[in-house]
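The structure appears right after this line, and notes come after that.
The values are calculated or read from the model by the stated rules, or taken from the named source; none is laboratory data. Treat the numbers as computed from the prediction; the structure is a model and nothing was measured. Reconstructed Cβ throughout: ideal geometry from the backbone, glycine too, with neighbour counts over all protein chains shown.
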C-alpha cells in the first residue's frame, strides 16, 4: 500500500503507466514545436502570412481528430483490455514518428502536418485509456495522488518537449521522436492488465450518434457532467493564457523569447507544485473542496497579472526586447512571475480533483466514454477560446483586457458550478474550516470501509463534529443529527447539502423520529455510511453522556458493522458549550490541535449501547 503519492512511483501498477504517458506527452510537444520552428524560421522565413497560415493549419489538424475519433476511442477503451490498447496505440506512435522523421528530412510541410493529424488521432485514442485505467490500478485513497502525479508529469513533459523542440536541430528531433516512441512502447509492456469493463459492448461506428451518446452518459450524473464542464472550462482558460503568453511577454513585458520561456517554466512549476500538493491538502481523499479554492486563485492571480503590466509602456515591436537577465532586473518582474506560478498552483488545485472525481463517480462500464466526451468538449472549448480571443483582440482590446475578462468569466463559471452542485461549495467550506480553525490529526481511519454499509458512532462535543468527520471520512457519510443543529445558519446549508438526516425526540416530534429511522434503514440497505451520535445531544461538561438505545434499534432493523470513533480536543473550542452557549462572540482559538480516532469494526450482534460507549470512551482517553 502506498503511504503517499511518491510511493506509487515504486509500484509496477503505476510507474510503467506514468512513464508511458510522460514519454507520449514529451514526444507530442517535441514534434509540434520542432514543426513550428521549421515553418517559422526555415521554410517560410520572412513570409509572415504563410507562416501564420501553416501554424494555424497545424494546430487545427492536431485538434480535429479529437472531434472525429474520441467517441470511437471511448468505446474501444470500455470494450477491451486497456493495457493491451495502450501497447497498440504506442506501436502506432512508432510508425507515425518514422513518417515524421521522413517529413523532417524532406522538409515537406504537407507531409509533416499530415503526420501531426495522425499524432492528434493517436492522442485522441490514448486519452480515454489514460484516465480510465487509473481507477483499476489505484486504491480509492490513491486516486487523487495518482492524478496529481499524472498532471505534474504531463505539464513537465510538455515544457521539456517545447524547450527541446525549439532548440534542437531537425536531424536530432527526427531521431529523438523515434527513440522516444520506442521507449514508450517498451514501458507500456510493463503496464498490468486492466480487464474490459464492458466486453459485450457493440461498437457504434456512427461518429455523430456516438458522440451524442457519450455526452449523454456524462449527463446522467449531474456532478460528473458539471465536473466535465469544469475541466473543459479549465482548458478554455488555459488556452487563452498560453496562446497569448508569447505576445504578452513581447508587448506588455518588453521581453524576448527568453522571457516567454521563463513564464512557461514558472507556469509549469506552479502546475507541478499544485498537482502534487492536492494529496497533502486533501488528506488522501478526492477532495472537491479544492476546486472552488482553485477557481478563486485562478481569477485572483490572473487579474493581478493583468494589473501588473498596465504600468508598462506597450512594445509593438519597435523597441529593443529584453532577455531574461535584463527582465529580472525590472521592478515588476517578480510580481509577474509569482502571479504566473500561483496561477499554475491554483490550476493544479482546480483540475486534479475534477479528473479524480470523474474517475471515482463514473460507472465502470461507461467511464472511458465519459472521458472521451470530456476530451471532445475540451477540444471544443479550446476552439471557442481561440475564436473569442481573436474577436476581442481584433476589436481593439489588449491582451491584459482579455486576461481581466477571462478572470471575471472564470469567477462566474465557478459560481454557476457551485450553485448547480452545492456539494462543491459545501466541501470547500468544510475544507476552509478544517485548515484554518483546527489542525486535525487522525488515526486508523482505514477501519472505515471504502464500500458497503456501516454505522459510524462517535462522541458529541460540538456543533462541527459532523463536519470534521465528513472532512476526513474516505467516502460520503449520511449524518443523523438533532433537528435544531440541522437548522443552524450557515452550518445548516452544509448539513442539508450532505444529505444529513434530522431527528427529534419522541416526545417532541414522533413523526420526525419515525421518518428518520426509516431514512437510516434505507440508507444502510443502499450500502451507504451512516453516522450517529448515540448520546443524542452535545455535551455540556466535556464528558461523554450515556449512549441511548436508538443505535440498537437501528442495528436490529438493519444489521451492519459498526465503526467506533472518538473526537479529542474539541472541548473548549468556539463550537462547543465550554462556556455555556456555543458560537457566542468571536473565535479566540485558531489552528487548535484536535484528533479523530477510529477503532476496530464491531459486529452488529455485539454492538449494544453500553458496550459502544465503553469503546468510544476508551478511544477518547483523558483528552476531552
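The sole residue among 554, 563 that is in contact with a strand residue (DSSP E or B) (Cβ under 6 Å, 6 or more places away or on another chain), assigned by TED's automatic domain parsing to the domain that holds residue 463 and not in a loop (DSSP other than H, G, I, E, B) is 563.
Residue pairs whose Cβ atoms lie under 9 Å apart, sitting 6 or more positions apart in sequence or on different chains, and linking a residue in the stretch 436-451 that is part of a helix (DSSP H, G or I) to a partner that is modelled with pLDDT of 85 or more and surrounded by fewer than 18 Cβ atoms within 10 Å (Cβ to Cβ), are 447/600; 447/601. Of all the residues in the stretch 161-174, those that are surrounded by 15 or more Cβ atoms within 10 Å (Cβ to Cβ) and part of a helix (DSSP H, G or I) number 9. Picking from residues in the stretch 566-592 that are at pLDDT below 85 and assigned to a strand (DSSP E or B), the one that is farthest from the chain's Cα centre (by Cα) is 576. The single residue among 194, 181 that is assigned to a helix (DSSP H, G or I) and assigned by TED's automatic domain parsing to the domain that holds residue 33 turns out to be 181. Whether a residue is more than 16 Å from the chain's Cα centre (by Cα) and in a helix (DSSP H, G or I) was assessed, and residue 143 does not pass this test. Restricting 397, 412, 429 to residues that are surrounded by fewer than 22 Cβ atoms within 10 Å (Cβ to Cβ), outside any helix (DSSP H, G or I) and not assigned by TED's automatic domain parsing to the domain that holds residue 477 narrows the list to 397. Among the criteria (1) in contact with a strand residue (DSSP E or B) (Cβ under 8 Å, 6 or more places away or on another chain); (2) without any contact (Cβ under 8 Å) to a residue 60 or more places away in the chain, the one residue 294 does not fulfil is (1). Among the conditions (1) surrounded by fewer than 19 Cβ atoms within 10 Å (Cβ to Cβ); (2) under 25 Å from the mean Cα position of the chain (by Cα), the only one that residue 91 does not satisfy is (2). Kindly indicate which of 338, 345 is at pLDDT 90 or above and surrounded by fewer than 21 Cβ atoms within 10 Å (Cβ to Cβ). Among 338, 345, only 338 is at pLDDT 90 or above and surrounded by fewer than 21 Cβ atoms within 10 Å (Cβ to Cβ).
Rundown of residues vs (1) closer than 30 Å to residue 7 by Cα; (2) outside the structural domain of residue 406 (by TED's automatic domain parsing); (3) touching a helix residue (DSSP H, G or I) at 6+ places or on another chain (Cβ under 7 Å); (4) in a helix (DSSP H, G or I), yes/no style:
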{"site": "243", "(1), (2), (3), (4)": "no, no, yes, yes"}
{"site": "265", "(1), (2), (3), (4)": "yes, no, yes, yes"}
{"site": "268", "(1), (2), (3), (4)": "yes, no, yes, yes"}
{"site": "276", "(1), (2), (3), (4)": "yes, no, yes, yes"}
{"site": "280", "(1), (2), (3), (4)": "yes, no, no, yes"}
{"site": "287", "(1), (2), (3), (4)": "yes, no, yes, no"}
{"site": "299", "(1), (2), (3), (4)": "no, no, yes, yes"}
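Only one entry of 372, 385, 419 meets the criterion of being buried (at least 24 other Cβ atoms within 10 Å of the Cβ) and either in contact with a strand residue (DSSP E or B) (Cβ under 6 Å, 6 or more places away or on another chain) or outside any strand (DSSP E or B) (or both), and that entry is 372. Here residue 392 does not fit the description of being touching a helix residue (DSSP H, G or I) at 6+ places or on another chain (Cβ under 9 Å), buried (at least 17 other Cβ atoms within 10 Å of the Cβ) and not assigned by TED's automatic domain parsing to the domain that holds residue 304.
Here residue 186 meets each of (1) in contact (Cβ under 8 Å) with a residue 40 or more places away in the chain; (2) not in a loop (DSSP other than H, G, I, E, B) with one exception, condition (1). Residues in the stretch 487-504 that are surrounded by 15 or more Cβ atoms within 10 Å (Cβ to Cβ) and either assigned to a loop (DSSP other than H, G, I, E, B) or modelled with pLDDT of 80 or more (or both): 7 in all. Scanning the stretch 172-182 finds one or more residues that are farther than 22 Å from residue 88 by Cα and without any contact (Cβ under 8 Å) to a residue 24 or more places away in the chain. Evaluate the stretch 117-132: report whether one residue or more is more than 19 Å from residue 175 (Cβ to Cβ), modelled with pLDDT under 95 and out of contact with any helix residue (DSSP H, G or I) (no Cβ under 6 Å at 6 or more places or on another chain). The answer is yes, given that some residue of the stretch 117-132 is more than 19 Å from residue 175 (Cβ to Cβ), modelled with pLDDT under 95 and out of contact with any helix residue (DSSP H, G or I) (no Cβ under 6 Å at 6 or more places or on another chain). Residue 624 fulfils the conditions (1) in a loop (DSSP other than H, G, I, E, B); (2) surrounded by 14 or more Cβ atoms within 10 Å (Cβ to Cβ); (3) out of contact with any strand residue (DSSP E or B) (no Cβ under 8 Å at 6 or more places or on another chain) except for a single criterion, (3).
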